[in-house]
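Inspection log for the structure reproduced underneath, given as structure tokens.
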């Protein structure tokens with residue numbers, strides 16, 4: 001089946017328009033991400049609290065052992081919480097926290113999550129709200145529930161996210177990060193999850209770009225150059241005609 005050049009040119013034109021708009025989005029989003037302050041994207045400055053020393057001469061550890069008896073412990077480490085040092089035990093049933101001072105079990109409730117976030121905030125801004133997440137948002141898409149969200153009344157509109165299992169500060173988000181995440185979405189064309197740059201839409205655009213390049217070269221040699229160099233062919237034909245035997249003499 002022979003495709004007429006005029007139809008191929010029309011299809012090439014509209015595909016080129018779509019791809020051109022996507023190139024424009026890539027250029028704008030890439031430039032915007034490069035201009036944004038990466039320190040602010042990462043959450044800005046963070047207050048560092050000293051790690052309290054491990055209490056000695058207590059009965060905490062025997063109590064922790066007793067509480068974990070009969071469970072399969074796969075990990076154990078010390079952590080730092082606003083109320084002091086804690087034992088963080090990872091078992092087949094999940095993560096369990098115990099006070100290193102007296103061995104009592106700890107639960108990451110609303111008050112504890114707010115204290116963790118407040119300790120990490122560099123400006124000691126007032127807390128606007130504390131709420132548990134019912135589903136993962138874009139801000140913590142790489143983590144697992146339970147998670148507490150703590151919103152601050154600061155100029156960055158900061159939102160801190162604290163793990164409801166370990167009490168760790170998972171993420172610090174602000175308006176700069178939200179803009180960066182929006183441009184990142186445009187750049188990788190992942191409008192649902194904002195995590196993958198290897199999805200069907202961007203692969204389709206990649207094949208469309210290859211098709212556009214191939215058809216562009218074909219049209220270049222098939223149509224454009226034939227008309228662009230018509231003047232050269234006329235000059236060559238005229239020169240050949242004037243050089244034939246019996247031609248005109250000056």
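The values are calculated or read from the model by the stated rules, or taken from the named source; none is laboratory data. Everything quoted here is computed from the prediction, not taken from an experiment. A quick note on method: Cβ atoms are made from the backbone with ideal geometry, for glycine too, and the neighbour counts reach across all protein chains shown.
Here are a few things to note about the model shown:
- Any chance residue 119 is without any contact (Cβ under 8 Å) to a residue 60 or more places away in the chain and either surrounded by fewer than 17 Cβ atoms within 10 Å (Cβ to Cβ) or not assigned by TED's automatic domain parsing to the domain that holds residue 205 (or both): no
- Selection of the stretch 67-82 for residues being over 21 Å from residue 163 (Cα atoms) and either surrounded by 10 or more Cβ atoms within 10 Å (Cβ to Cβ) or not assigned by TED's automatic domain parsing to the domain that holds residue 115 (or both) yields 67, 68, 71.
- Residues of the stretch 106-127 that are in a loop (DSSP other than H, G, I, E, B) and closer than 23 Å to residue 155 by Cβ: 121, 122, 123, 124, 125, 126.
- Which listed residue, of 41, 64, is surrounded by 11 or more Cβ atoms within 10 Å (Cβ to Cβ) and either at pLDDT below 90 or more than 27 Å from residue 154 (Cβ to Cβ) (or both): 64
- For the stretch 83-107, filtered to residues that are surrounded by 17 or more Cβ atoms within 10 Å (Cβ to Cβ) and in contact with a helix residue (DSSP H, G or I) (Cβ under 8 Å, 6 or more places away or on another chain), the residue that is farthest from residue 172 (Cα to Cα) is 103.
- Complete set of residues in the stretch 139-163 that are in contact with a helix residue (DSSP H, G or I) (Cβ under 7 Å, 6 or more places away or on another chain), part of a loop (DSSP other than H, G, I, E, B) and free of Cβ contacts under 8 Å to residues at least 60 places away in the same chain: 157
- Matching option when the condition is in contact (Cβ under 8 Å) with a residue 24 or more places away in the chain, assigned to a helix (DSSP H, G or I) and either in the same structural domain as residue 171 (by TED's automatic domain parsing) or in contact with a strand residue (DSSP E or B) (Cβ under 9 Å, 6 or more places away or on another chain) (or both), among 64, 95: 64
- Taking the stretch 128-138 as the range and being free of Cβ contacts under 8 Å to residues at least 40 places away in the same chain and surrounded by fewer than 17 Cβ atoms within 10 Å (Cβ to Cβ) as the test, the residues that pass are 128, 129, 131, 132, 133, 134, 135, 136, 137.
- All positions within the stretch 98-116 that are without any contact (Cβ under 8 Å) to a residue 12 or more places away in the chain and within 13 Å of residue 150 (Cβ to Cβ): 109, 111
Residue by residue, here is whether (1) within 20 Å of residue 10 (Cα to Cα); (2) outside any strand (DSSP E or B); (3) outside the structural domain of residue 81 (by TED's automatic domain parsing); (4) touching a residue at least 40 places away in the same chain (Cβ under 8 Å) holds:
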| position | (1), (2), (3), (4) |
| --- | --- |
| 170 | no, no, no, no |
| 180 | no, yes, yes, yes |
| 184 | no, yes, yes, yes |
| 191 | no, yes, yes, no |
| 194 | no, yes, yes, yes |
| 197 | no, yes, yes, no |
| 202 | no, yes, yes, no |
| 209 | yes, yes, yes, yes |
| 212 | yes, yes, yes, yes |
